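Participant: Dumping the structure here so I can ask a few things about it.
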Amino acid sequence: MRAGDRLVIGAVRRGGPWPAVLAVTAIMGAAGELAIPYLIGRTVDALVARQAGGTPWLALCACAVAAVMLCESLGVWARGASGAHAAATLRSGLLRHVLGTGPAATRRFPEGELVTRAGLNAEEVGRAPETVTSALALLVPTAGALVALTLIAPVLTLTLGAGIVVIVLVLRGFLRTTTAIAGGYQEVQGEIAARLVDAMDGARTIAAAGTAAQEAGRVLAPLPGLRAHGMELWRANASAAVRSGLVVPLLEVAVLAVGGFMLAAGDLTIGELYAAARYAVLGAALSTALGHVSGLARARAAAERVSAVLDLTPVAHGTRTLPPGPGTVEFRDVAANGLAVGDLTLPGGSVTAVVGRSGAGKSLLAAMAGRLTDPERGTVLLDGVPLEELTGEELRRAIGYAFERPVLVGETIGDAIAPDPVPGRVAEAAGAACADAFVRRLPLGYATPLRDAPMSGGERQRIGLARAFAQGERLLVLDDATSSLDTVTERQVGRALTTDHHGRTRLIAAHRLATAARADQVVWLEDGTVRACGPHHVLWQDPAYRAVFQGDAT
């Protein structure tokens, strides 16, 4: 079974109680539809024969019609509820999985693709309970019609059975074709979304360069492909509708023709002939399943796209906690993505600057220290415990991470710094990051909603630094996290880093000479290896080391 089909089945199971309600209403409605031709037939026979018992049969007909209408109404409600419940459950699980996967998710899929798969495609999969249940419910009138025709005249059953086989073959081919076309349609949708997200990220650059028209053309370039897939879907649906639709009148004519000869021979009554004609139509109800089959095809195609995201391996955490320690970080025979770190130690409580030219691997080394990525070879340890053996809560509590362009999450400024703060920790961390003063000038201070707090790049970076200060208890990892700060603020933050009274170990991926000069040791990366490690004033004697900072006057 394909991964997408397993996910569709899972969506049906995750629909809560509503798929069961939908199934019950569909079956009861189908049973009512099956009963109506029989009841009408008995009513007609009673009225033709001028029997006094015709009125009860007429009353039963009215009750059956009312029951069908009630089931249809409940079915509409259950379809909406089941789809919403299944989509919400799937989307929630998908979001947790993506966040648990970490940066690997955006390396595998563009951000716009992830949004499309977690949004639009998850919603398509969420409609699976409705489409599957509704399609299966159509089997009830089909099976009931075959049984009823067998009771009336077995020869009529053979006529109906032949038509049903033709309809099933048409639907099977339609499902296979539509699934493939819908998959292509959804792929193009994802591509357009990815291009749009990229364009929105660079909106200021596009406006400054005056390239809005060119960028709009780039974003919308896949539209002809989207139209082509849409036309293919329309043609496939029209072709299947014509083929399956022709079967219904042909079946009715065939049943009426055979039944007419039997009526002339006295083998059928007028009421039985009417019932047989109606059962022929009900038996061919599968021909009306095109809409459900089309929805199922879209759900299967979307499920394949969602399954590709769920196939990403989430970051696995261990069960250990850290023993008491100063925050010593050890790289043991570590290598990853072309960077060979080998053996390297960051003494507890020390400040280590990682320097090198662009592309040397500074961010990668910092990511391994904070376990945003795992090495391909070797182990990174914090106070003697491999990072992968720590629980997720212990890892994030022990290590604070700050980025060049932080994304602030939470409802308020205070939430963005520390969602569950220790009393006084938020203000202390913001003070160390030189953020306290401008935050207190906001209308509600730390309670100011993020959406109401327009911030410059440097201010956002300071909030990101404050978040790292508030979170990391043993190790602070700063990946070029002071690049947007002015010189005065950078020096103030630098002093806070080098005089941290909590005694935490600090690893700083840096470009500025002043940062390296303040560090206890410098790790110099070049050509994918650690070229040297030592105090800045010692490494400064090497002209090649000085060339790394060429043009930096600070």
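The values are calculated or read from the model by the stated rules, or taken from the named source; none is laboratory data. Worth saying up front: this structure is predicted, and the values here are computed from it rather than measured. Cβ sites come from the backbone with ideal geometry, for glycine too, and all protein chains shown count toward neighbours. Just so you know, the surface numbers come from the protein's heavy atoms only, side chains and all, with ligands and any DNA or RNA stripped out. Shrake-Rupley method; radii C 1.70, N 1.55, O 1.52, S 1.80 Å.
Participant: Go through the stretch 392-411 and give me each residue that's of a type outside the set (Phe, Trp, Tyr) and open to solvent by 30 Å² or more (accessible area, probe 1.4 Å).
Facilitator: GLU393, ARG396, ARG397, GLU404, ARG405, VAL407, VAL409, GLY410, GLU411
Participant: Still on this structure, please answer the following. Test of understanding: among ARG96, ARG107, which residue is farther than 27 Å from ALA30 by Cβ, at pLDDT 85 or above and open to solvent by 80 Å² or more (accessible area, probe 1.4 Å)?
Facilitator: ARG96
Participant: Report yes if some residue within the stretch 350-372 is more than 25 Å from LEU465 (Cβ to Cβ), touching a strand residue (DSSP E or B) at 6+ places or on another chain (Cβ under 9 Å) and part of a strand (DSSP E or B); otherwise report no.
Facilitator: no
Participant: Restricting attention to the stretch 413-436, which residues are open to solvent by 30 Å² or more (accessible area, probe 1.4 Å) and either farther than 21 Å from LEU478 by Cβ or acidic (Asp, Glu) (or both)?
Facilitator: Those that are open to solvent by 30 Å² or more (accessible area, probe 1.4 Å) and either farther than 21 Å from LEU478 by Cβ or acidic (Asp, Glu) (or both): ASP415, ASP420, VAL422, PRO423, GLY424, GLU428, ASP436.
Participant: Name the residue that is surrounded by the most Cβ atoms within 10 Å (Cβ to Cβ), counting only residues in the stretch 31-46 that are among the aliphatic types (A, V, I, L, M) and at pLDDT 75 or above.
Facilitator: LEU39
Participant: Checking LEU149 against (1) open to solvent by less than 50 Å² (accessible area, probe 1.4 Å); (2) more than 30 Å from VAL258 (Cα to Cα); (3) modelled with pLDDT of 80 or more, which single condition isn't satisfied?
Facilitator: Looking at each condition in turn, LEU149 falls short on (2).
Participant: Considering only residues that are within 22 Å of LEU158 (Cβ to Cβ) and either under 35 Å from the mean Cα position of the chain (by Cα) or of a type in the set (Gly, Ala, Ser) (or both), look in the stretch 276-297 and name the one that is surrounded by the most Cβ atoms within 10 Å (Cβ to Cβ).
Facilitator: Looking at residues that are within 22 Å of LEU158 (Cβ to Cβ) and either under 35 Å from the mean Cα position of the chain (by Cα) or of a type in the set (Gly, Ala, Ser) (or both), I get GLY283.
Participant: Of all the residues that make up the stretch 363-396, how many are over 27 Å from the mean Cα position of the chain (by Cα), charged (D, E, K, R) and under 17 Å from ARG506 (Cβ atoms)?
Facilitator: Total meeting the criteria: 1.
Participant: Tally time: how many residues in the stretch 163-177 are open to solvent by 60 Å² or more (accessible area, probe 1.4 Å) and of a type outside the set (S, T, N, Q)?
Facilitator: 6
Participant: Only one of these is closer than 30 Å to VAL24 by Cβ, open to solvent by 40 Å² or more (accessible area, probe 1.4 Å) and either modelled with pLDDT under 85 or assigned to a helix (DSSP H, G or I) (or both): VAL155, VAL140. Name it.
Facilitator: VAL140
Participant: Go through ALA468, ALA519, ALA514, ALA510 for me and flag whichever is within 19 Å of ILE417 (Cα to Cα), among the hydrophobic types (A, V, I, L, M, F, W, C), open to solvent by less than 60 Å² (accessible area, probe 1.4 Å) and in contact (Cβ under 8 Å) with a residue 12 or more places away in the chain.
Facilitator: ALA468
Participant: Further question on the same structure: Residue by residue through the stretch 307-320, note down the ones that are surrounded by 14 or more Cβ atoms within 10 Å (Cβ to Cβ) and part of a loop (DSSP other than H, G, I, E, B).
Facilitator: LEU312, PRO314, VAL315, HIS317, GLY318
Participant: Let me ask you something else. Kindly indicate whether any position in the stretch 68-86 is open to solvent by 20 Å² or more (accessible area, probe 1.4 Å), over 29 Å from ALA31 (Cα atoms), in contact (Cβ under 8 Å) with a residue 40 or more places away in the chain and not hydrophobic (A, V, I, L, M, F, W, C).
Facilitator: no
Participant: For ALA180, state whether it is touching a residue at least 24 places away in the same chain (Cβ under 8 Å), over 30 Å from CYS61 (Cβ atoms), open to solvent by less than 30 Å² (accessible area, probe 1.4 Å) and of a type in the set (A, V, I, L, M, F, W, C).
Facilitator: So ALA180 does not fit the description; no.
Participant: Now for a different question. Of all residues in the stretch 337-355, which are among the small types (Gly, Ala, Ser), modelled with pLDDT of 90 or more and under 39 Å from the mean Cα position of the chain (by Cα)?
Facilitator: ALA340, GLY342, ALA353
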